[in-house]
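For reference, the structure is listed below as structure tokens.
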Amino acid sequence: MAATRAITVLVHGLWVHGVLMELQRRYLMRMGFEALCYSYPSVRLTLTENAHRLAQFARAQTAPVIHWVGHSLGGLVILRMLERETGLPPGRVVLLGAPYGGSYSGRALAGNALGARMVGRSIREWLEIKKPTLFPGREIGVIAGTLRMGLGRVVAPDLPVPNDGAVTVAETRLAAAADHIELRVSHTGMVLSHPVARQVGAFLRDGRFERG
């Protein structure tokens, strides 16, 4: 039986599992969204390979609308999928601290062989490719953090401010975004934050974030 409601798919970031997005999923469920977490190998596979797998997952769903919420690298996987794949169900996209414009801390970490292995193939691919600029038919909202706590400040002590401890606010900006908001939250803290979830819900519902 085909699903009649929209679903929201949450895609995690680097080095972790989909379970890390569970609290955000529960927040969204309480707001009335049907949500689920998606897991992928964030280090071993390339960005394009992960985007292809995500598209296959999307095509296997029966929901008429699929919204996407991507934290950090997860947001880049979503964007790569939307750039390359056509015919996917409609839906809005929210990026949480996704380094669309490049990753200062990622480049710093990848400056040696061990760090490059830690960063993984997906991030390295994003740093090298031409960034997609057009996502026809997609409303994209971007949440950037400004609480400077995280590993990025260890590997890149001169990480430009404002930042969330891993990704700078400037790196989260993309011209195609319908809305962009800054919240006082760290990079990892985004996936635990109720205020972040509230803003995600607002954008998925209205196509814009709440202000005032």
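What follows draws every value from the coordinates through simple rules; no lab data is involved. Just so we're clear, the structure is a prediction, and the values are computed from it rather than from any experiment. Every residue, glycine as well, gets a Cβ built from its backbone with ideal geometry; the counts of neighbours run over all protein chains shown.
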**Q.** Descending semi-axes in Å of the range 71-145, equivalent ellipsoid built from Cα gyration tensor
**A.** 25, 13, 9
**Q.** Candidates HIS187, HIS52, HIS12, ranked by Gaussian network fluctuation over the chain, Cα under 10 Å, top entry
**A.** HIS52
Q. From the list (1) 1.00; (2) 1.16; (3) 0.94, can you say which value of Cα Rg over 2.2 N^0.38 Å was derived from the structure given?
A. (3)
**Q.** Convex hull of Cα atoms in the range 136-197, direction-averaged projection (nm²)
**A.** 4.5
Q: Would you mind counting up the charge near THR172? Only other residues with Cβ under 13 Å from its Cβ, with Lys and Arg at +1 and Asp and Glu at -1.
A: -2
Q. Sorted by packing (mean other beta-carbon atoms within 10 Å per residue), highest first, where do 109-117, 22-30, 63-71 land?
A. 63-71, 22-30, 109-117
Q) Helix-derived [θ] at 222 nm for the chain: sum -39500 (n - 2.57) over DSSP H runs of at least 4, divide by residue count, nearest 500? A) -10500 deg cm²/dmol
(Q) Within 10 Å, Cβ to Cβ, of ALA63, how many net charges do the neighbouring residues add up to if Lys/Arg are +1 and Asp/Glu are -1? (A) 0
Q) Rounded, prolate or oblate: which fits the range 1-74 when a ≥ b ≥ c are the square roots of the eigenvalues of the alpha-carbon gyration tensor, with rounded for a/c under 1.5 and prolate only if a/b beats b/c? A) oblate
